[in-house]
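Below: one structure, written as C-alpha cells.
Every read-out reported here was derived from the displayed coordinates using simple, explicitly stated rules and does not represent laboratory data. Because the structure is predicted, anything quoted here is derived from the model rather than measured. Positions of Cβ are backbone-derived with ideal geometry, glycine not excepted, and every protein chain shown enters the neighbour counts.
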C-alpha cells in the first residue's frame with residue numbers, strides 16, 4: 001500500500017487526507033494543532049501532532065518513506081509551507097504536491113522541491129464562474145486532458161427527440177455518457193415520491209426528456225452550445 005503524507009489539516013488538508021484514505025491509500029496526517037489531529041485520527045491511518053517543518057521529527061514518524069506528500073498548510077503559513085517542502089525534498093520524497101496562495105508563492109515552492117503546485121481557491125472560483133456564465137450547466141469538472149465533464153439541461157430544441165437525431169457528437173464533438181431522469185412512485189401512504197435515476201451509456205434511440213439532466217463530455221465551448229440558457 002502506498003504511503004501518503006499530508007502536512008496541514010485545515011479544510012483542504014483534512015478532506016484531502018480523508019479521501020485518500022477512503023480510497024485505499026495509507027495516510028500519515030500531520031498538524032501542529034491538537035484539535036485538528038484529534039478530528040482526523042479516526043479517518044486516516046495515523047495522525048500526529050507535531051511541527052511539520054522539523055526534518056528530524058518527520059523522519060522519526062516515517063515521512064521519508066512516503067510515495068507522495070501533500071503540503072496543505074494554509075494561506076497564513078507561507079514560510080512553514082516553504083520549510084516543509086524543503087524538508088520533504090531533503091528526505092527524498094519524490095512527489096511533493098503543495099498548496100499555494102499566489103503565483104509567487106507557487107514559484108518559490110517549486111524551487112524548494114514541490115513537483116506540483118495547486119491553487120484550490122483559484123480553481124474553485126474559476127469553476128464556479130464558468131457554471132454561472134453557462135446557466136444550463138448544473139455541475140462541471142475539467143479533466144487533465146482539457147475536456148470537461150458536465151451535468152447540463154439541454155436546449156428545448158433537443159428535447160422530445162432521440163439522441164441520434166440531436167447529433168451532439170457529430171456536430172459538437174460532445175458525448176452523452178449518462179442521463180439523470182426524474183421518476184415518480186407512490187408510497188404506502190399514497191404520497192408521491194420523486195426520485196432521480198441514472199441511466200448510464202444511453203443508446204442512440206433514447207428520447208431526451210424536457211426535464212432530463214444530460215451528463216456529457218467534451219470541449220467547454222461546445223457544451224455551452226447545447227446547454228439551456230435559462
Rounded to whole Å, give me the distance from the Cα center of region 159-230 to that of region 7-84. 41
Spin-label proximity, residue 200 to region 163-194 - amide N less than 12 Å from point 7 Å beyond Cα toward beta carbon: 178-179
In degrees rounded to 10, the 0-90 angle between helix 11-22 Cα long axis and the longest Cα principal axis of the chain is 80
Pop the C-beta distance of residue 225 and residue 189 into the FRET formula with R0 = 30 Å and round what comes out to the nearest 0.05. 0.10
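Taking the DSSP beta bridges in the chain as the whole, what percent of them are antiparallel, to the nearest 5?
Taking every DSSP beta bridge with both residues in the chain, the antiparallel ones total about 55 percent.
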Could you give the nm distance between label points at residue 119 and residue 156, where each point is 7 Å from its Cα heading toward the beta carbon? 4.0
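Sorting 18, 116, 229 on the 10 Å Cβ count, fewest up front, what's the list?
The fewest-first ordering by Cβ neighbours comes to 229, 116, 18.
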Pseudo-spin-label distance residue 60 to residue 103, built 7 Å along Cα→Cβ, given in nm, is 4.2
For a quick protection proxy, order the peptides 166-179, 194-207 by their average other-Cβ count within 10 Å, most packed first. 166-179, 194-207
Helix axis angle, 78-90 relative to the chain longest principal axis, alpha carbon, degrees: 80
Could you give the nm distance between label points at residue 51 and residue 110, where each point is 7 Å from its Cα heading toward the beta carbon? 3.0
Using alpha-carbon coordinates, inclination of helix 120-133 to the longest axis of the chain, degrees: 10
Connecting C-alpha atoms closer than 10 Å in a GNM of the chain, tell me which of 113, 218, 146 has the biggest fluctuation. 146
